[in-house]
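The values are calculated or read from the model by the stated rules, or taken from the named source; none is laboratory data. Please read these numbers as outputs of a predicted model, since none were measured by experiment. When we count neighbours, we look across all protein chains shown, and the Cβ atoms used for this are built from the backbone with ideal geometry, even at glycine.
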Amino acid sequence: MPAKIQFPRFLLTLLWAALCSLSLLGSAHAHSKLLSTHPVDGAELAEAPHQLSLVFNRPLRLVLVTLTDATGTVVTFDLQNLPSTSGENFDLPMPEINPGDWSVSWSALGSDGHAMRGGFAFTLLP
């Protein structure tokens, strides 16, 4: 009768953990990430930007972009006027804004259907 091979339990646990980690890395790697914005996060601008730019590493569908001032007033960008709401690069015409602190929030759907959101802030100097 052949001898039964037994692996130490800690080796099996280690192998299982390594396989789980690899599967999680592959899943996380597939999601789109925001690479850059204009204005950049934390920018202090002497003049108002003419457009808001978002650049992602993978194609996605942009669902919502808002601009909020320090008083809580929200401006929603009209995405229907964009050439496309799907892609990696988005340039949105900026509305006229007053000096002050502004925050940008965005929501999108990745090509895998994963919902994503993020934001950044900038200041328009007086």
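A few notes on this one:
- Count of residues meeting criterion [under 15 Å from W106 (Cβ atoms), among the hydroxyl-bearing types (S, T, Y) and exposed (fewer than 15 other Cβ atoms within 10 Å of the Cβ)] in region 54-84: 2
- So V63, is it more than 17 Å from S36 (Cα to Cα), part of a strand (DSSP E or B), touching a Pro at 6+ places or on another chain (Cβ under 7 Å) and aliphatic (A, V, I, L, M): no
- Every residue from region 58-106 that is within 23 Å of H31 (Cβ to Cβ), among the aromatic types (F, W, Y) and over 13 Å from the mean Cα position of the chain (by Cα): F77
- In region 34-45, the residues that are of a type in the set (D, E) reach residues that are modelled with pLDDT of 95 or more with C-beta atoms within less than 7 angstrom, at least six apart or across chains, in these pairs: D41/F120; D41/A121; E44/T123; E44/L125.
- Taking the listed residues M116, M94, the one that is in contact (Cβ under 8 Å) with a residue 40 or more places away in the chain, surrounded by 13 or more Cβ atoms within 10 Å (Cβ to Cβ) and within 15 Å of A48 (Cβ to Cβ) is M94, with no other qualifying.
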